[in-house]
1. For the range 70-106, give me each residue that is closer than 17 Å to THR197 by Cβ, touching a Ser or Thr at 6+ places or on another chain (Cβ under 6 Å) and at pLDDT 65 or above.
2. Has the range 254-265 got any residue that is without any contact (Cβ under 8 Å) to a residue 60 or more places away in the chain, more than 22 Å from ASN70 (Cβ to Cβ) and of a type in the set (A, V, I, L, M)?
3. So, of the residues in the range 147-164 that are β-branched (Val, Ile, Thr) and within 19 Å of the chain's Cα centre (by Cα), which turns out to be surrounded by the fewest Cβ atoms within 10 Å (Cβ to Cβ)?
4. Which one of these is of a type in the set (Gly, Ala, Ser) and open to solvent by 20 Å² or more (accessible area, probe 1.4 Å): GLY167, GLY196?
5. Among (1) within 16 Å of the chain's Cα centre (by Cα); (2) at pLDDT below 95; (3) outside any helix (DSSP H, G or I), which single condition is LYS203 missing?
6. Among the residues of the range 30-41, is any at pLDDT below 80, more than 24 Å from ARG102 (Cβ to Cβ), touching a strand residue (DSSP E or B) at 6+ places or on another chain (Cβ under 8 Å) and surrounded by 13 or more Cβ atoms within 10 Å (Cβ to Cβ)?
7. Given the structure, is ALA181 modelled with pLDDT of 95 or more and either under 21 Å from the mean Cα position of the chain (by Cα) or at positive phi (or both)?
8. Please count how many residues of the range 184-200 are at pLDDT 95 or above and assigned to a strand (DSSP E or B).
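The values are calculated or read from the model by the stated rules, or taken from the named source; none is laboratory data. Quick caveat, the model's predicted, so the values are computed rather than measured. Note that we place each Cβ from the backbone using ideal geometry, even for glycine, and neighbour counts take in every protein chain shown. The area values use the complete protein model at the heavy-atom level, side chains included, leaving out ligands, DNA and RNA. Shrake-Rupley method; radii C 1.70, N 1.55, O 1.52, S 1.80 Å.
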Amino acid sequence: MTKCEIKWLTMTGNGGIILKRGEEMIVEERLAKILQMVEEKRVVTVLELSESLDISESTIRRDLTTLDKNKKLRKVHGGAAAINGRFAATEFDVVLREDHHRTEKQVIGQFSAGLIEKDDFVYIDAGTTTEAMVDSINETSAVYVTNGMVIASKLSKRGCRTIIIGGEIKPITDAVVGSEALSCLRKYNFSKGFFGTNGIDVKAGFSTPDPTEAQVKREAFSRCKTAYVLADPTKFNLTAPVSFGALDQGEIITTKLENGHYKKYTKIWEVDET
């Protein structure tokens, strides 16, 4: 190997020496190390990655953006999370989830809000995508029922008649869950319902990590004349531990899908991001 072929010599973590050929090798190795850490820890912060790899936080953020675009991980507020390719077992804090795919959520939310009509009796599931929909709701003649604490507050402030179901509050998602919540839901029949999901899969249908939240979703889902599931494209081909509905029981609202395979199983609304 000639001198012009070798541009850097650096020490590895175990004391060995790696020869690197140009900037491309450095970037590739750095991305590989980031992915390794994310796969091992499932969720990592920008600070953890920066300190572990001895790289600036701004560089880490750029790398995470690159890996997120290539669907190698999920970039979340302050860090990154593993996507596992097929299984989504982790429930992230609502603060982390709010920042993930924000643009898609806003576009999906605006379209979804436009489906609500005068005199509709609407159920809105707790979640960041459904919360984005609430920000676009202008129909104040409809009645809204929700198990989302933040959603109830936002609806009320927008002048909407709002009912929040009773039960236990789940802090990580700000959702009301439990037997009392189920009992409340059994009194109602909804003309339309809007739901978030952690995974969409042909076999598993719509799924979420937490059994208690899945129970509430399932009960509300079954009581809707039309159930809409709001999901960005990254939720497809993912399965979380607990299913709350089959694909043919709900219509999906998303942005542009690269694969039209799911259209064979249910109605899909693809919203133009422009």
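1. GLU104, LYS105, listed by residue number.
2. Initially, the range 254-265 is screened for residues without any contact (Cβ under 8 Å) to a residue 60 or more places away in the chain, giving 256-261, 263-264.
Then drop every residue that is not more than 22 Å from ASN70 (Cβ to Cβ), which leaves 263-264.
If we keep only those that are of a type in the set (A, V, I, L, M) as well, we get none.
For the range 254-265, residues without any contact (Cβ under 8 Å) to a residue 60 or more places away in the chain, more than 22 Å from ASN70 (Cβ to Cβ) and of a type in the set (A, V, I, L, M): absent.
3. Start the filter on the range 147-164 by keeping residues that are β-branched (Val, Ile, Thr), which leaves 150-151, 162-164.
Still in the running and within 19 Å of the chain's Cα centre (by Cα): 150-151.
On the way: VAL150: 19, ILE151: 24.
Among those residues, the one meeting the criterion is VAL150.
4. Values: GLY196 fails: open to solvent by 20 Å² or more (accessible area, probe 1.4 Å).
Only one candidate qualifies: GLY167.
5. Every condition holds for LYS203 apart from (1).
6. Among the residues of the range 30-41, not one is at pLDDT below 80, more than 24 Å from ARG102 (Cβ to Cβ), touching a strand residue (DSSP E or B) at 6+ places or on another chain (Cβ under 8 Å) and surrounded by 13 or more Cβ atoms within 10 Å (Cβ to Cβ), which makes the answer no.
7. Values: modelled with pLDDT of 95 or more: yes; either under 21 Å from the mean Cα position of the chain (by Cα) or at positive phi (or both): no.
In short, no.
8. Going through the range 184-200 one residue at a time, the tally reaches 6.
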